[in-house]
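Note sheet for the following structure.
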Amino acid sequence: MDFLDRLGRKPMVIVAGWVLAAVLAILVGVVGIGVVGAGLTSRPGAPISQEEVLRALGESSSPAPGASPTSPEPTTAKRSFPTRGGTVVATCERILTMAPAQGFAIHEQDDREGEFRGVSDNHDRVKVELSCAAGTPQLRIRPEG
């Protein structure tokens, strides 16, 4: 007891200060979460149906009387070509995308031709050239290496 008598009320004030700081930190955190988000226990958002989306957008699921359905604009034929080096997606006008297969990378790509190269062996190549026949894209594949 001599030790506590010599310190006086100092340890009690320190403990009380730490407890008060912890309580304030928790309150600030909870209030901050409530302000920023939806809270600790509520779900952030439930899925809604297509009708609810249309209603929110101010549209209806059926066309207005007298309105003619719009036909989609004619699109150019798009084809996907799987190759050993990867997949090529193209129209008659140009190569749209090239996605390399595992172990390959895109070395070159322009509108009409491209090349896949092996990442471990630079000599393992797959070259592609785009052409068009009767409105349908055609791809000439030249494996090398």
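In table form, for the structure just shown:
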read-out	value
Qualifying position, being modelled with pLDDT under 80 and either under 30 Å from residue 129 (Cβ atoms) or not polar (S, T, N, Q) (or both), among 29, 39	39
Per-region count, segment 126-141, residues surrounded by 18 or more Cβ atoms within 10 Å (Cβ to Cβ) and in contact with a Gly (Cβ under 9 Å, 6 or more places away or on another chain)	4
Pairs with Cβ under 6 Å, 6+ apart, first in segment 134-145 and more than 17 Å from residue 80 (Cα to Cα), second surrounded by fewer than 13 Cβ atoms within 10 Å (Cβ to Cβ)	145/123
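The values are calculated or read from the model by the stated rules, or taken from the named source; none is laboratory data. Quick caveat, the model's predicted, so the values are computed rather than measured. Counting neighbours? That spans all protein chains shown, and the Cβs are built from the backbone with ideal geometry, glycine included.
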